[in-house]
Amino acid sequence: MLRHVGFGLIILGVFALNGKAPSEARAADTRVAEVSGERAAALTYLVRQDCGSCHGMTLRGGLGRPLLPDALAGAEVGAVAEVILEGIPGTPMPPWRGLLSEAEALWIARALKEGRIE
Amino acid sequence: MKSLTAALAILLLGFCAELQAAELRGTGDLGIVIERASGSLQVIDVTQRRALGRVQGLGDLSHASAVFSPDQRYAFVFGRDGGLTKVDLLTQSIVKRVVQAGNSIGGAISDDGRLVAVSNYEPGGVRVFDSDTLAPVADIPASYGAKGALSKTVGLVDAPGRRFVFTLYDAGEIWIADFSRGGDPVITKFEDVGALPYDALITGDGRHYIAGLFGEDGLARLDLWAAAPKVERLLDGYGRGEEKLPVYKMPHLEGWALAGKRFMLPAVGRHEILVVDADTFQEVGRVPVHGQPIFAVARPDGRQVWVNFAHPLNDTVQVIDVPSQKIVHEFKPGPTVLHLEFTPRGHEVWISVRDSDKVEVYDTRTFEKLAELPMAKPSGIFFAARAQRIGL
């Protein structure tokens with residue numbers, strides 16, 4: 001996690017150049033996901049501890065589905081961010097809009113898909 | 001001379017350790033605090049308000065709970081990763097550990113103390129073990145529908161008569177597994193209990209099993225004393241069609257409160273505690289509270305109910321005075337208050353505060369803080385006194 005704290009501004013394009021996320025680089029979503037290093041650490045903590053209350057602290061699933069890269073392989077970053085922000089009506093997945101910004105949701109979606117929250 | 005002193009010191013230390021191990025003591029006022037992020041727990045002395053020692057190697061404890069043997073010496077700890085661990089409170093060590101499934105959510109111990117049951121998400125169902133050896137006794141896959149899909153199971157409790165009762169989250173069913181005849185359990189199923197039952201409880205007398213519904217406003221109740229038990233709806237449509245507030249953490253029903261002649265339970269998607277008459281099961285009031293309630297736990301005498309809350313309002317605890325249904329005290333231990341446990345007679349309450357890595361102990365009459373114990377990311381607090389109570 002500390003690796004990412006030092007990252008400072010994190011921009012989608014950086015990841016693409018990084019060679020870390022080739023598939024996402026092709027994705028239609030080009031919105032910028034900027035969060036500070038401090039906020040990245042806080043978001044990582046939030047995902048593990050609070051999303052973890054349904055999805056498991058290790059993200060292997062619980063009442064909610066697993067959130068490991070394999071489980072999210074079929075979904076684009078933008079779609080995952082959408083679920084985070086809007087929730088899934090009729091299920092316990094709540095909308096996080098209001099608590100998380102769009103950039104933060106995108107950052108979380110990308111971090112989940114790349115397996116950087118563990 | 002130096003080496004002689006050292007040798008003596010070592011001898012003395014060894015002697016002291018031996019003395020300590022041989023010290024006679026009861027375990028009735030011991031308990032455990034789960035350290036959710038490190039796969040460990042601490043054994044605590046509730047009377048002395050101190051930690052006795054840490055036990056490690058319990059796997060993923062991110063949603064862990066525990067039950068106790070009837071002699072109150074052993075804790076059976078249910079981990080998220082399917083781990084079932086038997087811990088000796090006296091020696092603060094692991095007696096036996098099995099990983100019995102891939103993903104689990106709590107368990108129960110039978111009234112005779114012989115069987116330990118675990119509720120599993122993966123594979124969905126309940127597995128039952130011998131409490132002495134943790135050897136498997138029964139496997140109850142929660143299969144439902146024409147295709148026999150497996151449902152996640154929740155709300156597993158013990159019921160009098162060597163029975164376990166649990167709820168199928170995906171299927172919307174309640175099952176009773178009766179082990180009273182020995183051998184394979186007799187399973188009784190109740191279908192269509194309501195949408196997305198997320199947790200359940202059994203009342204302290206072992207009579208009513210009540211499942212909370214996430215998918216609709218209401219609860220499902222099963223009267224286990226009835227000659228032919230059937231599921232009845234409780235508080236049907238308590239939201240009156242109003243839009244629900246987002247629920248950032250599922251409420252828990254286990255600690256729900258029978259306070260005098262009233263139940264107090266967390267509403268879902270509403271910042272309210274619902275007050276229900278314990279005889280008629282009709283709603284008799286609501287108490288507006290700080291946020292989405294998670295636990296609403298009655299002090300054992302029933303005079304107060306203490307409530308904690310879901311993210312992002314999880315830094316606060318409120319205390320409801322039951323006779324007046326008013327909030328008489330509010331305080332902020334800080335983020336994130338995960339659990340609270342009363343001493344058996346209710347004079348003190350222990351509260352886990354995850355983000356500040358401590359457990360706090362309060363006087364329930366003066367609300368004065370009596371102690372703070374350092375713990376790593378503490379979550380569930382379980383006192384051995386639970387061994388003597390149905391459904392815990």
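The values are calculated or read from the model by the stated rules, or taken from the named source; none is laboratory data. Given the structure is predicted, the values throughout are model-derived calculations rather than measurements. Cβ placement follows ideal geometry from the backbone for every residue including glycine, while neighbour counts extend to all protein chains displayed. Protein only, heavy atoms only, side chains kept; ligands, DNA and RNA dropped before computing areas. Shrake-Rupley method; radii C 1.70, N 1.55, O 1.52, S 1.80 Å.
Structural remarks
- Segment B:Glu254..B:Arg50, full-extension length gain: 70.9 nm, with 0.36 nm per residue of separation and the alpha-carbon distance subtracted.
- Shape of region B:250-332, Cα gyration tensor, a/c cut at 1.5: prolate
- Value of relative contact order over region B:100-247, rounded to a whole percent, pairs C-alpha under 8 Å and six or more apart: 13 percent
- Calculated accessible area for region B:250-332 comes out at 34 Å² per residue, all protein chains present (probe 1.4 Å; ligands, DNA, RNA ignored).
- Alpha carbon Rg of the protein assembly as shown, scaled by the compact-globule rule 2.2 N^0.38 Å: 1.01
- Under the Karplus curve 6.51 cos²θ - 1.76 cosθ + 1.60, θ = phi - 60°, whole-Hz ³J(HN,Hα) for region A:95-102, x wherever Gly or Pro sits: x, 9, 4, x, 9, 10, 7, 4
- Region B:198-336, relative contact order [Cα under 8 Å, separation at least 6], %: 15 percent
- Relative packing of B:107-115, B:304-312, B:328-336, which averages over residues the other C-beta atoms within 10 Å, highest first: B:304-312, B:107-115, B:328-336
- Length-normalised contact order for chain B - Cα pairs under 8 Å, 6+ apart - percent: 11 percent
- The GNM of chain B, with springs linking C-alpha atoms under 10 angstrom apart, assigns the highest mean-square fluctuation among B:Leu156, B:Leu338, B:Leu373 to B:Leu373.
- Modelled label positions at B:Leu245 and B:His329, each set 7 Å beyond Cα in the direction of Cβ, lie 2.3 nm from each other.
- Counting only protein heavy atoms and a probe of 1.4 Å, the accessible surface of region B:236-377 is 49% carbon and sulfur.
- Rg ratio (alpha-carbon, reference 2.2 N^0.38 Å) - region B:192-337: 1.00
- Using a 1.4 angstrom probe on protein heavy atoms only, the contact between A and B buries about 1900 square angstrom of accessible area, both sides summed.
- Portion, in percent, of the accessible area of region B:104-163 that falls on carbon or sulfur, probe 1.4 Å: 50 percent
- Three-way shape label, chain B, alpha-carbon gyration tensor, a/c 1.5: oblate
- Only lysines eight or more places from A:Lys113 in sequence, or on another chain, were considered; those with a Cα closer than 19 Å are A:Lys20.
- Taking chain B as a Gaussian network of alpha-carbon nodes connected by springs under 10 Å, the highest mean-square fluctuation of the residues B:Gln56, B:Gln42, B:Gln72 belongs to B:Gln56.
- Where only DSSP H runs of four or more residues are counted, the protein assembly as shown gives -4000 deg cm²/dmol as its mean residue ellipticity at 222 nm, each run worth -39500 (n - 2.57).
- Label zone of A:Glu34 (point 7 Å out along Cα→Cβ, amide N under 16 Å): in region A:94-118 this covers A:101-107.
- Estimated inter-spin distance, A:Glu86 and B:Arg389, nm [label 7 Å along Cα→Cβ]: 4.4 nm
- For B:Lys369, a cut-off of 20 angstrom between C-alpha atoms picks up these lysines, skipping any fewer than 8 places away in its own chain: B:Lys332, B:Lys358, B:Lys377.
- Three-way shape label, region B:100-247, alpha-carbon gyration tensor, a/c 1.5: prolate
- Shown is the FRET efficiency for A:Ala75 and B:Asp192, computed with R0 = 35 Å from the Cβ-Cβ distance and rounded to the nearest 0.05: 0.60.
- Tilt relative to chain B, helix B:2-22 - C-alpha long axis, 0 to 90 degrees, to 10: 30 degrees
- Rounded accessible area per residue of region B:100-247, 1.4 Å, Å²: 40 Å²
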